[in-house]
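In what follows, a single structure is set out as C-alpha coordinates and then discussed.
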Amino acid sequence: ALEAASTGLPIIASDAVGARDCVLEGINGHRFSAGEAEDLMGKIENLAFLPTKLHTFSVNSRKMICADFGLSQISREYNTLINSYNFK
(Lines give C-alpha, C1' and ligand atoms only; values in the text may rest on other atoms or scores of the structure.)
Protein backbone atom coordinates (compact mmCIF):
# COMPACT_ATOMS: atom_id res chain seq x y z
CA ALA A 1 0.00 0.00 0.00
CA LEU A 2 2.89 2.38 0.71
CA GLU A 3 4.33 1.79 -2.73
CA ALA A 4 0.94 2.40 -4.33
CA ALA A 5 0.47 5.61 -2.34
CA SER A 6 3.95 6.77 -3.34
CA THR A 7 2.85 6.72 -6.97
CA GLY A 8 -0.24 8.74 -6.12
CA LEU A 9 -2.82 5.98 -6.12
CA PRO A 10 -5.84 6.17 -3.84
CA ILE A 11 -5.76 3.28 -1.39
CA ILE A 12 -8.45 0.79 -0.48
CA ALA A 13 -7.02 -1.53 2.14
CA SER A 14 -8.25 -3.84 4.84
CA ASP A 15 -8.17 -2.72 8.43
CA ALA A 16 -5.34 -5.19 9.09
CA VAL A 17 -2.18 -4.16 10.94
CA GLY A 18 0.25 -2.51 8.55
CA ALA A 19 -2.25 -1.81 5.79
CA ARG A 20 -4.29 0.52 7.95
CA ASP A 21 -1.22 2.63 8.74
CA CYS A 22 -1.07 4.07 5.23
CA VAL A 23 -4.77 4.82 4.81
CA LEU A 24 -6.18 7.99 6.26
CA GLU A 25 -9.88 7.18 6.03
CA GLY A 26 -11.65 9.61 3.74
CA ILE A 27 -8.43 11.51 3.03
CA ASN A 28 -6.32 9.29 0.77
CA GLY A 29 -8.52 6.23 0.60
CA HIS A 30 -10.82 3.86 2.42
CA ARG A 31 -10.42 0.98 4.85
CA PHE A 32 -12.67 -2.03 4.77
CA SER A 33 -13.24 -4.70 7.37
CA ALA A 34 -11.17 -7.80 6.62
CA GLY A 35 -13.37 -10.57 5.27
CA GLU A 36 -16.27 -8.24 4.54
CA ALA A 37 -16.82 -8.39 0.77
CA GLU A 38 -19.85 -6.09 0.93
CA ASP A 39 -17.82 -3.44 2.73
CA LEU A 40 -15.04 -3.71 0.13
CA MET A 41 -17.55 -3.51 -2.72
CA GLY A 42 -19.07 -0.36 -1.26
CA LYS A 43 -15.66 1.31 -0.96
CA ILE A 44 -14.78 0.45 -4.57
CA GLU A 45 -18.14 1.74 -5.82
CA ASN A 46 -17.68 4.92 -3.81
CA LEU A 47 -14.52 5.75 -5.72
CA ALA A 48 -15.62 4.39 -9.10
CA PHE A 49 -18.58 6.75 -9.29
CA LEU A 50 -16.92 9.82 -7.80
CA PRO A 51 -13.96 10.78 -10.01
CA THR A 52 -13.32 14.01 -8.10
CA LYS A 53 -12.91 12.04 -4.87
CA LEU A 54 -10.65 9.60 -6.70
CA HIS A 55 -8.45 12.50 -7.81
CA THR A 56 -8.41 14.06 -4.33
CA PHE A 57 -7.43 10.74 -2.73
CA SER A 58 -4.70 10.34 -5.33
CA VAL A 59 -3.18 13.75 -4.59
CA ASN A 60 -3.45 13.17 -0.84
CA SER A 61 -1.74 9.76 -1.07
CA ARG A 62 1.34 11.32 -2.63
CA LYS A 63 1.35 14.18 -0.09
CA MET A 64 1.11 11.72 2.82
CA ILE A 65 4.05 9.68 1.54
CA CYS A 66 6.21 12.75 1.00
CA ALA A 67 5.38 14.10 4.47
CA ASP A 68 5.54 10.89 6.49
CA PHE A 69 7.95 8.70 4.55
CA GLY A 70 10.17 11.16 2.67
CA LEU A 71 13.94 11.09 2.96
CA SER A 72 14.13 13.93 5.47
CA GLN A 73 11.52 12.33 7.77
CA ILE A 74 13.14 8.90 7.62
CA SER A 75 16.57 10.47 8.24
CA ARG A 76 15.29 12.31 11.32
CA GLU A 77 13.73 9.14 12.71
CA TYR A 78 16.90 7.15 11.99
CA ASN A 79 19.06 9.74 13.75
CA THR A 80 16.71 9.77 16.73
CA LEU A 81 16.92 5.99 16.94
CA ILE A 82 20.72 5.94 16.66
CA ASN A 83 21.07 8.73 19.23
CA SER A 84 18.87 6.82 21.68
CA TYR A 85 21.52 4.11 21.96
CA ASN A 86 24.50 4.73 24.18
CA PHE A 87 27.39 3.65 21.95
CA LYS A 88 30.79 3.80 23.67
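The values are calculated or read from the model by the stated rules, or taken from the named source; none is laboratory data. Since the model is a prediction, treat every value here as computed from it, not as a measurement. Reconstructed Cβ throughout: ideal geometry from the backbone, glycine too, with neighbour counts over all protein chains shown. The accessibility values were calculated without ligands, DNA or RNA, using every heavy atom of the protein model including side chains. Shrake-Rupley method; radii C 1.70, N 1.55, O 1.52, S 1.80 Å.
Within the option set Thr56, Thr52, Thr7, being at pLDDT 90 or above and surrounded by 12 or more Cβ atoms within 10 Å (Cβ to Cβ) holds for one residue only, Thr56. A count restricted to segment 1-34 and to residues that are in a loop (DSSP other than H, G, I, E, B), touching a strand residue (DSSP E or B) at 6+ places or on another chain (Cβ under 8 Å) and without any contact (Cβ under 8 Å) to a residue 40 or more places away in the chain stands at 6.
With Glu38, Glu25, Glu45 as the choices, which residue is open to solvent by 80 Å² or more (accessible area, probe 1.4 Å) and within 16 Å of the chain's Cα centre (by Cα)?
Numbers: Glu38 fails: within 16 Å of the chain's Cα centre (by Cα); Glu45 fails: within 16 Å of the chain's Cα centre (by Cα).
Result of the check over Glu38, Glu25, Glu45: Glu25.
Being over 16 Å from Pro10 (Cβ atoms), over 16 Å from the mean Cα position of the chain (by Cα) and small (Gly, Ala, Ser) is the filter here; which residues of segment 48-76 pass it? Passing the criteria: Ser72, Ser75.
Counting only residues that are part of a helix (DSSP H, G or I) and more than 20 Å from Thr7 (Cβ to Cβ), segment 35-71 holds 8 of them. Residues of segment 10-46 that are at pLDDT below 90 and touching a His at 6+ places or on another chain (Cβ under 8 Å): Asn46 alone.
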